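Report on the structure given below.
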Amino acid sequence: PLADAIVGCGLPGRGMGWYHGLQLLEGKVPGARLSDIVEPWFLGGGKDSPPGQEFQKVVADWGAKGVAFHASVDSGDLFKGATEGPKIALIAGRTPDNPKFFRQAIAAGATHILLEKPGAPTVGELEAMAAEAKAAGVPVYMGFIKNISSYVEGALAAASGAVGAPGLETKLVSRNAYARDGLAECFARNSEGMLKNMAIHELALACQFWGMRASNITDVEPHPEGCEVLTLDGRTDFAKIDITLVNDEGTKVRVSADRCSGDGCCAVVTDTSNGVVLYEAEMVEGERAKAVAADAAAHPDWFSYLYTQAVEYAKLKQVCAAHAIAGTTPPGVSTIEIAIEALKLAEYLTPLLKKKLAK
């Protein structure tokens, strides 16, 4: 079977890498096996801290199931127990650490990389990583899970079916459930900023499916009631944004992100010339909402995004594993080239919006 190594595990109920590993252990990805976990902090400098001691429970539990644990990617033992099949390194560390992990994983024998968003802190770093992966012949899949979500597929179909409508606008909404008094910690943990972190999903969608580029944007319209810039503990970032982007073909995408408005995401396609809503859907609704509510009740201490986006997390790994085995390119899954364009858009918009909103 295909071997998966998680780089940057984090703690149970909190770390995205941990949840990817849990899904692999639970058999949610046919044909794939969790072979290795790399956790540089809780097996390194933070080993003796209370969270580090908590992590030892994961080591004991998953180690008994055949998972090898490492404090570094370049330990020399990564994929040691893997078969001759593809070897995917799923990199889910902190954004500033991921470029180093990326290079180390390729050197350690990864045949494919699944890189969590945004991939790197800057455009330049991500461009260098893309070049190195290409030179090594290692395909890179990006962890933009919304690109393969049914609610986005529906919005894309509705927008494509209404091309030519005079006021066609697609609105992509992302909501997190942070408390206001937790925003300082949020700003610190996601130091790259909202547009490179929380809202990078929506920017990647705008780039991949709606043709947005930093180089072709002709108008950026902030909606002031949906925008807020805060400075907390010396860090300035957005608590929420709501902006409409227009490119040189007249395509309109409205991106709305709010850190403190509950959890979830949705898409709305509207003909703004007459106010007619052509499509509207949440990522989680109907029967799926019931399952998410059950998970919330069962795991009240987990970060909610883990179970609200569980379907997409599993689907992404399933699609990437199947195509890695077949040696083909997975449709819909974001490439590192799209991730570069999304980061370019974030780097273009961040100073522009801060300036506009300061007026």
Count of segment 216-251 residues which are farther than 17 Å from residue 187 by Cα, touching a helix residue (DSSP H, G or I) at 6+ places or on another chain (Cβ under 9 Å) and without any contact (Cβ under 8 Å) to a residue 24 or more places away in the chain: 1
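Being at negative phi, in contact (Cβ under 8 Å) with a residue 40 or more places away in the chain, touching a Leu at 6+ places or on another chain (Cβ under 7 Å) and small (Gly, Ala, Ser) is true for just one of 281, 257, 267. Which residue is that? Please lay out each step first, then the result.
Details: 281 fails: touching a Leu at 6+ places or on another chain (Cβ under 7 Å); 257 fails: touching a Leu at 6+ places or on another chain (Cβ under 7 Å).
Result of the check over 281, 257, 267: 267.
Pick out, from segment 240-357, the strands (runs of 3 or more DSSP E) lying fully within it that include 2 or more residues that are open to solvent by less than 20 Å² (accessible area, probe 1.4 Å). Explain how you work it out, then say what you get.
Values: elements: 252-258, 260-271, 276-282.
Result: 252-258, 260-271.
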Some residue of segment 189-212 being surrounded by fewer than 18 Cβ atoms within 10 Å (Cβ to Cβ), over 18 Å from residue 144 (Cα atoms) and at pLDDT 95 or above: no
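Please find, within segment 82-92, the residue that is surrounded by the fewest Cβ atoms within 10 Å (Cβ to Cβ) out of those that are in contact with a strand residue (DSSP E or B) (Cβ under 6 Å, 6 or more places away or on another chain) and at pLDDT below 95. Can you show your working first?
Step one: filter segment 82-92 for residues in contact with a strand residue (DSSP E or B) (Cβ under 6 Å, 6 or more places away or on another chain), giving 82, 85-91.
Imposing the further condition that a residue be at pLDDT below 95 reduces the set to 82, 85.
Numbers: 82: 20, 85: 16.
Among residues in segment 82-92 that are in contact with a strand residue (DSSP E or B) (Cβ under 6 Å, 6 or more places away or on another chain) and at pLDDT below 95, the one surrounded by the fewest Cβ atoms within 10 Å (Cβ to Cβ) is 85.
Taking the stated definitions as given, is residue 159 modelled with pLDDT under 95, touching a strand residue (DSSP E or B) at 6+ places or on another chain (Cβ under 7 Å), within 26 Å of residue 288 (Cα to Cα) and not β-branched (Val, Ile, Thr)?
On the way: modelled with pLDDT under 95: yes; touching a strand residue (DSSP E or B) at 6+ places or on another chain (Cβ under 7 Å): yes; within 26 Å of residue 288 (Cα to Cα): yes; not β-branched (Val, Ile, Thr): yes.
Criteria met by residue 159.
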Subset of segment 38-63 (residues that are of a type in the set (D, E, K, R) and either under 27 Å from residue 27 (Cβ atoms) or part of a helix (DSSP H, G or I) (or both)): 39, 54, 57, 61
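Would you mind finding the one in 81, 119, 66 that is small (Gly, Ala, Ser), within 25 Å of the chain's Cα centre (by Cα) and assigned to a loop (DSSP other than H, G, I, E, B)?
Details: 81 fails: within 25 Å of the chain's Cα centre (by Cα); 66 fails: within 25 Å of the chain's Cα centre (by Cα).
After ruling out the rest, the residue left standing is 119.
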Selection from segment 200-239 of residues that are of a type in the set (Lys, Arg) and either under 30 Å from residue 335 (Cβ atoms) or in a loop (DSSP other than H, G, I, E, B) (or both): 213
Segment 117-129 - residue that is open to solvent by 10 Å² or more (accessible area, probe 1.4 Å) and touching a Gly at 6+ places or on another chain (Cβ under 9 Å) and, of those, nearest to residue 198 (Cα to Cα): 117
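The values are calculated or read from the model by the stated rules, or taken from the named source; none is laboratory data. Bear in mind that the values here come from a model prediction, so they are computed numbers and not experimental data. Reconstructed Cβ throughout: ideal geometry from the backbone, glycine too, with neighbour counts over all protein chains shown. For accessibility, only protein heavy atoms count, side chains too; no ligands or nucleic acids. Shrake-Rupley method; radii C 1.70, N 1.55, O 1.52, S 1.80 Å.
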